[in-house]
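Encoded as structure tokens, the structure appears first; notes follow it.
The values are calculated or read from the model by the stated rules, or taken from the named source; none is laboratory data. Worth saying up front: this structure is predicted, and the values here are computed from it rather than measured. No Cβ is skipped: glycine too gets one built from the backbone with ideal geometry, and neighbour counts run over all protein chains shown.
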Amino acid sequence: MFPAVITAAAFIVTFLVVGLVVVAAAFSGGRRNAERPAGPSRRGRRMVAIVVGALVLLLGVLVPALVIAAAKSTDKAPGGVKLTAADEHGREIFAQRCATCHTLAAAHAVGKVGPNLDQLHPPKALVIDAIQKGRARGQGQMPANLVDGQDAQDVAAFVAKVAGR
């Protein structure tokens with residue numbers, strides 16, 4: 001529908017305009033004649049309260065609804081890659097076991113010890129091999145069999161699918 005940035009900007013601009021109108025009205029000093037009217041009627045005050053309440057309700061419900069509707073779906077990774085249920089599972093396992101060391105944008109991981117998988121673009125076979133045998137280069141050491149079985153397959157498929165996208 002609308003990108004979240006546009007929706008947020010519209011929300012902010014609306015409140016700025018309303019605020020400026022209120023400030024301008026407050027500093028205008030009212031009517032210039034010496035005789036002041038008695039004030040708004042009960043019906044007038046009620047109408048203002050209803051209009052202000054409706055605006056607050058509208059903005060309080062509509063803007064968050066638009067932001068939520070515009071939010072990206074969790075079943076897609078960066079680059080618009082469609083993730084399967086197994087890929088989603090691989091993303092969760094990666095976040096739990098691998099994200100502290102590796103950088104991978106699709107998992108919101110910014111680890112600095114292991115290699116940046118977005119730059120490396122490893123194929124699935126290399127990821128499975130690294131998971132099974134472990135790695136020891138430079139600063140850190142990746143233990144062997146950090147995940148196993150179907151979890152390892154899911155992590156490898158997820159990394160191979162999204163790395164660098």
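Quick rundown of the values:
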{"quantity": "Residues satisfying the stated conditions in segment 106-154, i.e. closer than 25 Å to V81 by Cβ, small (G, A, S), out of contact with any strand residue (DSSP E or B) (no Cβ under 7 Å at 6 or more places or on another chain) and at pLDDT below 85", "calculated": "A107"}
{"quantity": "Among residues of segment 9-30, those that are among the small types (G, A, S) and part of a helix (DSSP H, G or I), counted", "calculated": "6"}
{"quantity": "Cβ-Cβ under 6 Å pairs, at least 6 apart or on other chains, segment 86-110 side touching a residue at least 12 places away in the same chain (Cβ under 8 Å), far side surrounded by 18 or more Cβ atoms within 10 Å (Cβ to Cβ) and among the β-branched types (V, I, T)", "calculated": "G90/V155; I93/V147; I93/V155; F94/V155; R97/V147; A106/V162; A109/T103"}
{"quantity": "Some residue of segment 74-91 being surrounded by fewer than 11 Cβ atoms within 10 Å (Cβ to Cβ), at pLDDT 85 or above and assigned to a helix (DSSP H, G or I)", "calculated": "yes"}
